[in-house]
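*Asks:* Below you will find the structure I want to go over with you.
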Amino acid sequence: MLIYLDGKLVPKEEAKISVFDHGFLYGDGCFEGIRVYDGNIFRLEEHIDRLYESAKTLALDIPLSHAEMTQAVLDTVAANQKRDVYVRLVVSRGFGDLGIDPDKCPKPTVVVIADDISLYPQKFYDEGIALVTASVRRIPMQCLDPRIKSLNYLNNILAKIEAKKAGCVEAIMLNIRGRVAECTADNLFIMKNGELKTPDLLEGALGGITRSAVIDIAEQKGMIVDETRMGLHDIYNADECFLTGTGAEIVPVVNVDQRIIGDGKPGPVTMELLDAYRTLRTTEGAKVQYDAVEAG
Ligand code: PXG
């Protein structure tokens with residue numbers, strides 16, 4: 001496996017960064033998780049844009065242009081000769097001294113990994129999953145904007161621990177006002193009276209690339225999409241519920257906090273959207289040129 005590390009493709013064993021890297025010391029940096037489907041990098045431009053937006057808010061100057069970063073991703077995927085792969089793009093503040101001062105870090109670290117993805121079992125898509133609500137709340141925008149995909153995931157990790165303790169794979173996270181924000185690593189949608197609804201990003205959600213693809217698909221189908229505010233009451237009484245994420249794609253949710261959602265089976269609109277998403281993901285995206293880079 002070849003890893004892109006600060007401008008070079010190096011074997012996995014040589015892909016090492018300093019213990020003084022502020023990504024390691026403080027979680028200072030940002031990242032992206034991207035899927036490649038049969039040689040098409042899904043919504044690469046949107047992922048690159050989100051990475052630069054995260055970095056901008058963190059006052060982190062990425063030492064590559066958008067075009068160079070895009071090329072780094074394309075080259076890493078091509079070099080590993082894989083057509084279906086998960087790409088992790090990481091930009092950290094870089095190495096410095098032991099203080100938090102970012103000015104002591106001369107150069108950000110840029111890493112691109114193209115690795116196999118572990119997928120949810122088919123059962124989740126056929127039968128749907130159960131969610132619980134985490135007691136830990138989503139960090140408010142006044143402290144750290146959840147739209148930043150930062151290297152500090154402790155808030156989400158604490159909620160994920162609660163999910164697993166309850167026997168679930170995901171948990172709903174509320175914001176400090178008690179309204180639904182998103183899940184620990186996925187966005188959340190409901191169907192109610194024929195309308196598709198999802199929490200507005202200002203409620204404390206990451207602007208998921210899958211979320212926006214689902215909104216695009218729904219609008220193309222002529223559906224009403226409402227980015228709104230919602231409480232658990234709205235989730236419990238929804239006709240359908242599902243989550244979205246790069247790894248998960250679209251997963252039906254049939255039980256939340258021991259309340260059965262709809263008729264307890266994956267909803268028809270959820271399955272229609274999943275079907276459309278699976279068509280879209282192989283037809284749209286940046287094409288990898290596999291002969292452009294020598295495989296290592
Ligand atoms: N919300 C949060 C907090 C996330 O971290 C999503 C929503 C969904 O966004 P996308 O762009 O994927 O539709 C995420 C995505 C992983 C992994 O390894 C994925 C995420 C976070 C951490 C790990 O699959 N996030």
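*Asks:* Determine whether the range 133-154 contains at least one residue that is modelled with pLDDT of 95 or more, outside the structural domain of GLU272 (by TED's automatic domain parsing), over 24 Å from GLY245 (Cα atoms) and not charged (D, E, K, R).
*Replies:* Checked the range 133-154: no residue is modelled with pLDDT of 95 or more, outside the structural domain of GLU272 (by TED's automatic domain parsing), over 24 Å from GLY245 (Cα atoms) and not charged (D, E, K, R).
*Asks:* Is there any pair with a first residue in the range 154-165 that is among the basic types (Lys, Arg) and a second that is open to solvent by less than 60 Å² (accessible area, probe 1.4 Å) and near the ligand (Cβ under 9 Å from one of its atoms) whose Cβ atoms are under 8 Å apart and which are 6 or more apart or on different chains, and what are they?
*Replies:* LYS160/THR184
*Asks:* State whether one or more residues within the range 158-173 are open to solvent by 50 Å² or more (accessible area, probe 1.4 Å) and either part of a strand (DSSP E or B) or not assigned by TED's automatic domain parsing to the domain that holds GLN142 (or both).
*Replies:* no
*Asks:* Test GLU53 against the stated conditions and say whether it is acidic (Asp, Glu), buried (at least 21 other Cβ atoms within 10 Å of the Cβ) and within 16 Å of the ligand (Cβ to nearest atom).
*Replies:* Taking the combined requirement at face value, the residue does not satisfy it.
*Asks:* Scan the range 1-42 for residues that are open to solvent by less than 20 Å² (accessible area, probe 1.4 Å) and assigned to a loop (DSSP other than H, G, I, E, B) and report the count.
*Replies:* Residues in the range 1-42 being open to solvent by less than 20 Å² (accessible area, probe 1.4 Å) and assigned to a loop (DSSP other than H, G, I, E, B): 3 in total.
*Asks:* Within the range 11-22, identify whether any single residue is more than 16 Å from the ligand (Cβ to nearest atom), basic (Lys, Arg) and free of Cβ contacts under 8 Å to residues at least 24 places away in the same chain, and answer yes or no.
*Replies:* Checked against the condition, which is being more than 16 Å from the ligand (Cβ to nearest atom), basic (Lys, Arg) and free of Cβ contacts under 8 Å to residues at least 24 places away in the same chain, the range 11-22 yields at least one hit.
*Asks:* Any chance the range 213-224 includes a residue that's within 14 Å of the ligand (Cβ to nearest atom) and surrounded by fewer than 18 Cβ atoms within 10 Å (Cβ to Cβ)?
*Replies:* yes
*Asks:* Suppose we keep only residues that are surrounded by fewer than 12 Cβ atoms within 10 Å (Cβ to Cβ) and of a type in the set (S, T, N, Q) within the range 85-126. Which one would you say is nearest to the ligand (Cβ to nearest atom)?
*Replies:* SER118
*Asks:* Same structure, new question: Looking at ILE215, ILE209, can you tell me which residue is among the β-branched types (Val, Ile, Thr) and without any contact (Cβ under 8 Å) to a residue 24 or more places away in the chain?
*Replies:* Only one candidate qualifies: ILE215.
The values are calculated or read from the model by the stated rules, or taken from the named source; none is laboratory data. All values derive from a computational prediction rather than experimental measurement. Cβ: placed from backbone, ideal geometry, glycine included. Neighbour counts: every protein chain shown. In case anyone asks, the SASA skips ligands and DNA or RNA and just uses the protein heavy atoms, side chains included. Shrake-Rupley method; radii C 1.70, N 1.55, O 1.52, S 1.80 Å.
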